[in-house]
Every structure is written in C-alpha cells, then in structure tokens.
Amino acid sequence: MLAFILCELVYVFVTADVQETNQVKDAEGQTHAVEEERQWEATEVETNLSLTDTPSDNEADHVQTYDIPPPPPAKYKIQEAAEEERRDSLETNIVDVPSDKVAHVSDTKKTLDDPPPPPEKDRFQEELVIRPLHSGDTYARNKGKEFDLKLYLVSHYQLFPKSLGQVILKFSVSELHISFTQGYWRTMQWGQPFLLSPPGAELWVWFQDTVTDVDIAWKELTNVLSGIFCASLNFIDSTNTPLGVGNVTDQRFLRSAVLPREIVCTENLTPWKKLLPCGAKTGLAVLMNSEKFFHSSFYSQALHITPVCQVRCMYIQSSDVSWELRQTLNVVFDLHSSGQEWSLFKMFSRTLLLTEACPLAFSSKVYVDVTDNPQVSNLTLATPLLSQAVVLEDRRTYSVYDLTNQATFGQTRSLNMLLRWRAAENMLRPLLHGERYVAGYGLQKGEIHTLVYNHHTYRAFPVLLLDTVPWYLRLYIHTLTAPASVATTNPVSYIHYQPSKDRLQPHLLEMLVQLPPNSVTEVTVQFERALLKWTEYTPDPNHGFYVGSSVISALMHSVVAMDTNSTQERRFSAESSYFMWVYTEPLLVNLPTPDFSMPYNVICLTCTVMAVGYGSLYKLLTRTFQVEELGIRPFQCLLRRKQSIFCRFQWGEFTARRGSRSQQAVIYL
Amino acid sequence: KHWSPHGPSPCPDELRLMAAPLTLLLIVAVTIRAVLFRSSLAELIPERVEVVSPLNAWKRGSGIIMMSSYLFQTPLIIYFFHFVIDYAEIVFMMADALTAVALYLAVKDYNKTVFRKQKYALEAERYPLDCLELIRTPKEMYYIPLKVAMFYLLNPFTILSCVAKSTCGLNNAVIALFILCTVKGSSLMSAIFLALATYQSIYPLTLFAPALLYLLQRLYIPVNWQRSSFWLFTTQYTFMYLGSLCVMVCLSFFLLSSWDFLSSVYGFILSVPDLTPNIGLFWYFFAEMFEHFRLFFICVFQINVFFYTIPLSIKLKEHPIFLIFMQIAIISIFKSYPTVGDIALYMAFLPAWNHLYRFLRNIFLVSVVLLACSALFPVLWHLWIYAGSANSNFYYAITLLFNVAQILLVSDYFYAYLRREHHLTHGLYLKRKDGSEATLVLK
C-alpha cells in the first residue's frame, strides 16, 4: 500500500479589534477583549468570534474556519437550476452565514462615523493540519492564513498584504478565489478534502455592483493577478470564461475561469509565501520547502478573499465590511518509501526547523489527526496537548500543539513529532463522486462520458452537473443521454445549455440529475473536433487540449450524509443540509492538426488552383475564336510600329516573303 | 435536309409516354434512398465531411432545432423543420424528387425554345451549309429531360447528400424551382425562388443576371440601355426580387426578434470561421493563412465567386440557361463550404449539353480524375484522421486535384459552347486564306 500524508497549512487573518494588546498569548484575555470590542463597536460579527467564550476556543475557532468554505461557482449556478424554493433555502443555508445582526449594523454605522475609526488590528492565525490518508497517504494541510482587513479610503495595511488590498480596491472586488493545483485529488482513495480545487488554475471573482463594465475589469484583474502570482492567468479571456444567465441576477458580476493547462511550480509558491506577514522566515511557513512540495502526489495552493460583514454583504463599499483572506496550501505526500511512519523532519525538511510561531500570529497551531488511533509520539514533548476538534463535518480527533506556547518546543527548541499508523480498515466513503473520460477513436468525433456515483445506500438526491467545454469541441447537445435506471424514468430534470460561439465563448452545460441510491449515472454527449487555425494551436499540439473539470454539486441533507455502513460517524449535525461539490478529472483531447510547416506551400498551391480557374475563364471570356493563320499578322504589328524598329523590320520581312508564300517562321507578337 | 421540321411538340400521347419513365425513375430513386436510410450507412454518411458542411449538416441543425437556439441555418428553415422534423427523411426524398421533376420540366421547356429558335434560324437560312451536322435533332433531344432527371436522382453525390439529410438538397430544390419558373416565364415566382435561394446561401445572388436575361429574351425585349421597356422590366424584376428577399429577412426577424441571424448565417458564410475540412479550397488555405493576410484573402476568395457574373453575362447574353449552368458550377466550386450536393446540381445539366460533346477537349481525363478523387477522399480521410499514417496534406492534395478537375470540366464546357456558337455562324469546316484546312484558336 502506498503511504501518503496530507498536510494542510491554513493561514487565517482576522481583524482583531483589540487596541491595548499586541500579541496576547492568553486566550482568555483575547476573547474578553474581543467581546468588549464587539459590544463597543459591533462591527465584527463573524461567527468565529461570537463563539469564543469558553476557554477551549481552539475548537470553536477551528470549526468556523472550516464552516465557511468558499463555494465554487457552481453553487451560484445551482440557484438558477433549482426551483425558487430551493434557491431560497440555499441562500439562507450557505451564502448568508451571518444573517442575524441587521439591527446592529444600522446602529453601529453612526457610531463608527462619529469618532475617528480606531486603528484596526489585523489578526493572523496559522494552522498546520496533518492527517494520514486512508490509502495510506498523509494529507498535510498546511493551512494558511486568514486576515480581516478593513479597507478605508486611505488604507493602512498592517498584516494584510498591500498588493492584494490594492487589487480589491482598484477592481471593486467583492470576493476573490484563486487556486493553483498540481495533480488530481483522488476522492475515492483519500476521502473528501478540506477544500477542493480543480487541477490547473482556477479563478473566480464576484465584482461589486458598482463596476460598470465587468468584462474589462475581469480582463484587467486577470492580468494583474497573473503578475502577482507569476501564473499564466492572462490566458483567461472570453473563450474560457463561461457566462451564465446574463442579466437576470447578480451573476453578471460573477466571472470564473479554469485553466486546466496551467502547470504549478515554485514560481507560484514564492509569491504566495510573500503574502504571509512573516514570509517564510518563521512560523509554520518555515516548513514550506518547495523541493519537497513539488515532489508530492497532490499540491494545491489557494487564496480566498471574502468579505465578512453583518448582513448580506450588500454594501461592500461601506466601511463596516472587513475582509478575510485565507491562504491554504494542501499537499499530499507520498511516503511509501518510508513505510507507515512519519515525522515532521521526514515530511518537510531536516534543515528547516520549526522553532517558533510567527510572532505576528494571533494563534499558531499544529493539528495531527489521531482519529484512527495511530501512535503519536512527540519527540520533543512528553505529553502532547490532546484535544478534540471537529473538522469538515467529520468528528475527528486531533492532537493539538500550540506553537505560541514555548513549552511545546521543549528542550531542543524545535518541534518534531513521529506518527505511526495502521492501515485504515474502513474509510468513510464519500457519498458523491465523479469521473469523466473521453471515448471514441480517431480525430473526427468523440464522446464525453461523465460518471456520477451516489454511494448512499438508500437515499436518492439530485446533483447539478456543470460542464464548461471549450468551443473547439463542438458538442452535439441532442446526443446528450443519461440512461434512465430502474428507479428513475428520466434522471435529467433540467438542462441549461449555452452554445459556444467560435473563438468567443465556450459551451456551458448545466444539468440537474437525479441520482438513485447506490448507483452510477452516466451522462454522455458527443462532440466533433474542430480544425483550428495554425496559430491557435499550442506549441505542443499533438499533446492535446485540456478540457477543464466538470463540477458536480449537491445539497446534501445531513441524514443523507450519514453513512449507514459506519454509523459512528455523523456529519455536520448542526445543520439540516449542507452544500458539497466535487470535481472530475480534466480531459485531454487530441485535435486534428494541419501541417505546420506548410503555410507558404498551401498559399501557393491554393492560389495556383484559383489562378487556373480564373485564367481559364478569363481566356474564354476575353478572346474570340479565330482561324489560325500562319505568318505574321500585319495589323498587330502596325499598332506597335511607331514603337519598334524591330517590328518594322519584321513587317518588311513579312511583305517580302508574302509573295513566296514561305511558311517557315511563325512569329506571334 | 437532315433535320425533321416538326419539333418535339407536346401532344398528350407523348406526354404520357414520357411520364411513365419519369415515374419509374422517381420510384427507383426513392427506393434507393429509403433502403439507404434503413441501412447502417445512414449512420456513417452524415459523418462524411464531403457530404455535409457546417452550414447544412443535419446533425448540427437538428441539435439546434431541439435546443431552439441559433446556428448557421437560416431561421426560416429551422422554423420549417419544427413542423417536419419527424418526417425529415420523407422531406429530403421529396426535395430530391421535386428537384428532378423541376429540372425535367425546365429542360424540356428549354429544349422546345431551343428547337424553335433553331427552326427559325434554319428557315431564315442563317446557318452555314456545312453546319448541318451541328443541328440538333428532335430524336436526340427527346430523352434529354429524362437524362437530366436521371443524372440528378441517380447521381451518387445526390443520394449521399440526401441520406446525410444535408439541407443542400433543399437549396437545390429551390434553385431548380427557380430555373423552372424562369424558363416558364413566370417572373414573380422566379424572383421569389431566387430570393429564397439567396436567403439560404447568399451565392445564388449571381443567378439574378441570367434570370433577367432569359425573361427579357422571352418577352422579346432587347438588352438595350436606351430602351425604356428594358429598364421597366429590369426595375420590375429587381423590385420583386428585393421585395421578396426583404419579406423573408423580416419574417426571420419576427421569428427570432433579433438580427443576430444575419451575422451568424451570412457572416459565417462570408468570413469562413469554421475550418472543418471539406471538398472546397477554403478550409486548409485559411487554416494555414497568416493572420494579417486573412482579411485580404477572404475578400479575394469571396469576390472571386461573384466576379465572373458580369463578364459571363456579357459573353453569354444570348444563352441565359447556359449562363445559369456556368454560374451554378462556379458557385459550387468556389463557395466557402461546398459539398457534393452542390456539384450534383450542376452535373445534372451535363446531359442538356450533349451536343457539345464533339468539342470537349479533355472530358476523359477530367472524368477519370473526378472519379479517382471521389474514391480517394474517404481513403485519405481515413489515413489522416483514423489511421494517423497520413496528415492533412494528403487530404488537401485531393481537394486541390478535385477542384482543378471541376474547373477544367466547366471551362471545357464553356469552351465547347462558345466554339459551337462560332461554328454555327462561321461554318464548321473553316479554311485558311490559302484554302488549306484551318485550325481554330482563341485569340
């Protein structure tokens, strides 16, 4: 069995409204201050902070950081797909997490305006989550950072990276999500990840409704971000930006694009690291060794900027909005060479030692998943600080190491730990899973097969399948089939299809598919491969063209989510339903290619044929039939007589020979 | 005298005699198509790039009808198929039959006119004496309409096009009806069908000139710029044509309530954005074209189609039906998305020019090349797309050869026609000044 470790690094920046304390190690004091602050100002209504009363605030904090996953674009699209009621429920359930402080806002706005706003403190927290994966992988979720930033007209940046703050202000961005992923998350072997992202680069942005021309803003923003992250986001244009239902809802302010071709490497990690307040100098970021990271099975770095505000985040320009920046880094290490044993040194690097927390961090913690009872031995500390935390709707047990506590590091002044685990016996199988492949042979046509698995034993539920296919695969939408199973007569109840426009717009296909319990639903659609202009091919045309992952999203009821096979696990008990989505594999499709060495030849040959056509018709149109006479025709020569002595000579010759009827020289002039 | 004075006069007996073979022919043609529709080939043929183009592919079109969205079909035809989508096969077979019958009647009527003219000329003794062997006899003209219908219906190209449900068959039917109405002298119907054909695919615009010439000729109005009757009729016909075109475009607008179809249909035809291989000259040329020359060459190639109208009309102003043939042939060679269905239409006219056979110079070579190319298209396509052992250049080479052969064929017929006309005025056996036997050259 392969051994993988998932490590996840999350940095969370939250604005702390504390004035008097700089870095409070005492959680107690911090929460009190926060409470105080909120009463005084009541601008911070993040559910994060509202729960931090108990001393065990680790847990609560933690829950919330996972609770608000940035929804993918598909989430917003499910709204139009589902009927009105469903839409309402979705909105209340997912979009508007903080939805209870309406009165507060209106009150506090005034109080805010009257006194000059106090200098805000950004809050920054970092976490590292390490989890052995069920196929043996270890998933190190190097959980990034979360800022909250209040952007005033004259911004004062403390921890929040200025480059991003300026981007938000300049382009009036209300929400921004960007991810760079190398490799494909194998849901069936590794289970649900904390945060999903499709292979390649993904960017999606909500603009504020003050933006007049969204397309121009989008174009400029992609170019700016391309510079910030050293990525080819500048390849995002209208051909890979699907447009949903245009002006109906706020969706005209939403733009999203996936670049499945994007290759993620060190040059993307370095700018990402620079956004951290401590850089890679200290804190958990010390562990970020690109040499190790890019030898992994899966690597994903992401950055999410979301506004945190009281009501619906409708008035983003108003000053009561704070921004949350969350930087996450997910890496799956393949440790099969070292057996089922793992340590911090082995996973990251021996030379980069974790010796202290980032001094700017509000909290800095390492979580190790011990749910499946692996043996954890802290090499430096005798007694690990065991506590429980709930992560991603799974009740899991973690041992938590608080880096802000000097005792964690012990005598050696560096943290290391060793983990041994047994092969996991039963994994909580993900209920929803998708696969996709291209069928057919030859370069003329093909068929995209999308398989959607429902692993629930008795419950059927609908999913929304969202496909964005580039224009050069011409989908024959009438060949779309989703074979009806025994349980459902017609699994597809809703289809929204936006046809492509050549070189302008991709296909957008959305389907609401009913999944019978414990079933596989196969959706197929045929396509034809287009021949492109020779300049439109990539430099390696025979490698093929990538088609981005399709998104399968569903609204799962918590009862549905409960797996009956392993009843001890119950997901997300707090809410009645939750939103989840999975990505399928990207596709690699070959297109017919012209001969790239031929342009001159082709231009010459085709023009020759045209000339043959033109010439033969021209000859017949302009000339008349005449009896072929031998000898020189005098009249033509007469016309040129003035010009040419030679002609005169010939004329003379002709007249001389005329009588002799010699037919030797046939000269046509 | 070698010719019989009575023409193929349409007595009822004769009509009945002729109707029987035509009916038989129609039955045979429909049977072949019906069998092919039921066979496994019905799946294969619509995939062939030679048979369908993005403009007329049923697969694309039907998808669009289902999703009631836009694509490169004109709105009216989409609307039409809303009603008959379940009977599509019958519609396409009927379109072919209609084309054949229309061509049959048109050629029959045209032959009658030709014969009458020939008779008058003979009576006026306008033909040189040695031209008697060029005079067409009723006996050889008798079967020409049937042959035309047969050439259309039993042409493998037409059959393939019909089985592929290419809307090219419908366009052909419209053009055939236009020819029939023109020959019958119904200027209104002729204008309407011409407008319909233009509406379907811009290019039949060039048929305006021959139709006008024919109708003028029929009404004995000389083409003379000073004559008011000429201008009157021209204005009238132009008005009818443009009027019906306007009505169609406006109807489409009311159907869709947007003008998008103009750019998506005509823009698509003229700017050639879809480079799917076909038998024409455009696809590979523009796939390999340098970006900054693209617009220039698109203009050149498109103008090329329309360019020949005026000189041909001047040259052939006495022979409008041959002009129609020339125009259809030029369109089908130089249009942006040609298919074999377009070729089938002008090939159907070849029996009508039977009498030119003795003047054709390289008919054997051209027919062999056309046959060989038709066989090689699928072979090289397979090698390129499926086997991967050839590349695009192979298929491209065959399209080049195929087009050269077509050009030679058309120019050969043009040459033969002009030459026959020359002989009819100057005598068949020309002598040089010195009395020796002369050869005729183009100068």
MRE, 222 nm, helices only [DSSP H, n ≥ 4, -39500 (n - 2.57), over chain B, to nearest 500] = -21500 deg cm²/dmol
Within-11-Å neighbourhood charge of B:G169 [Cβ basis; K, R +1; D, E -1] | 0
Quick one: work out Rg over Rh on the C-alpha atoms of the stretch B:49-202, Rh as Kirkwood radius.
-> 1.11
Extension gain, B:A372 back to B:K184 (0.36 nm per residue minus Cα-Cα distance, nm) = 63.8 nm
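What net charge is computed for the residues neighbouring B:L281, neighbours being all others with C-beta under 13 Å from the C-beta of B:L281, Lys and Arg scored +1, Asp and Glu -1?
Neighbourhood net charge equals 0.
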Residues of the stretch B:409-443 losing 50 Å² or more of accessible area relative to the isolated chain, 1.4 Å probe, heavy atoms only?
-> B:R432, B:V441, B:L442, B:K443
Across A:K445/A:K533; B:K117/B:K433; A:K162/A:K365; A:K292/A:K346, pairs whose alpha-carbon gap is larger than 20 Å | B:K117/B:K433; A:K162/A:K365
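Can you tell me what the convex hull of the Cα atoms of the stretch B:378-417 projects to on average, as an area in nm²?
Averaging across all directions leaves 2.7 nm² for the Cα convex hull.
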For the stretch B:371-401, state which residues have at least 10 Å² less accessible area in the presence of all protein chains than in their chain by itself, taking the probe as 1.4 Å and leaving out ligands, DNA and RNA.
-> B:W381, B:W384, B:I385, B:Y386, B:N391, B:S392, B:N393, B:Y396, B:L400
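Summarise the accessible area of chain B (1.4 Å probe, protein heavy atoms) by the percent that is carbon and sulfur.
70 percent
May I ask for the accessible area buried between chains A and B, both sides summed, probe 1.4 Å, to the nearest 100 Å²?
Approximately 5900 Å² gets buried when A meets B.
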Solvent-accessible area lost in complex, 40 Å² minimum, residues of the stretch A:496-534 relative to chain alone, 1.4 Å = A:P499, A:L531, A:K533, A:W534
Can you pull the accessible area of B:R361 for me, 1.4 Å probe, Å² to the nearest 10?
-> 130 Å²
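Determine the order of B:V247, B:V28, A:V589 by accessible area, beginning with the largest, at a probe radius of 1.4 Å.
Result of the area sort, largest leading: B:V247, B:V28, A:V589.
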Taking H as built 1.01 Å from N, whose amide H comes closer than 5 Å to the amide H of A:N416, not counting residues under 5 places away?
-> A:L379, A:T380
So, counting K/R as plus one and D/E as minus one, what does the shell of residues with Cβ under 11 Å around B:P145 add up to?
-> +2
Percentage relative contact order, the stretch B:319-443, counting C-alpha pairs under 8 Å, at least six apart = 25 percent
Hey, can you find the accessible area per residue of chain B for me, probe 1.4 Å, expressed in square angstrom?
-> 42 Å²
Karplus couplings for the stretch B:36-52 from phi (6.51 cos²θ - 1.76 cosθ + 1.60, θ = phi - 60°), rounded to Hz, Gly and Pro as x?
-> 5, 4, 8, 7, 6, 5, 4, 7, 7, 4, x, 7, 5, 5, 6, 8, 10
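The values are calculated or read from the model by the stated rules, or taken from the named source; none is laboratory data. Remember, predicted model here, so these are calculated numbers, not experimental data. For neighbour counting, all protein chains shown are included, and Cβ atoms are generated from backbone atoms with ideal geometry for every residue, glycine included. Areas reflect the complete protein model, heavy atoms only, side chains present, ligands, DNA and RNA absent. Shrake-Rupley method; radii C 1.70, N 1.55, O 1.52, S 1.80 Å.
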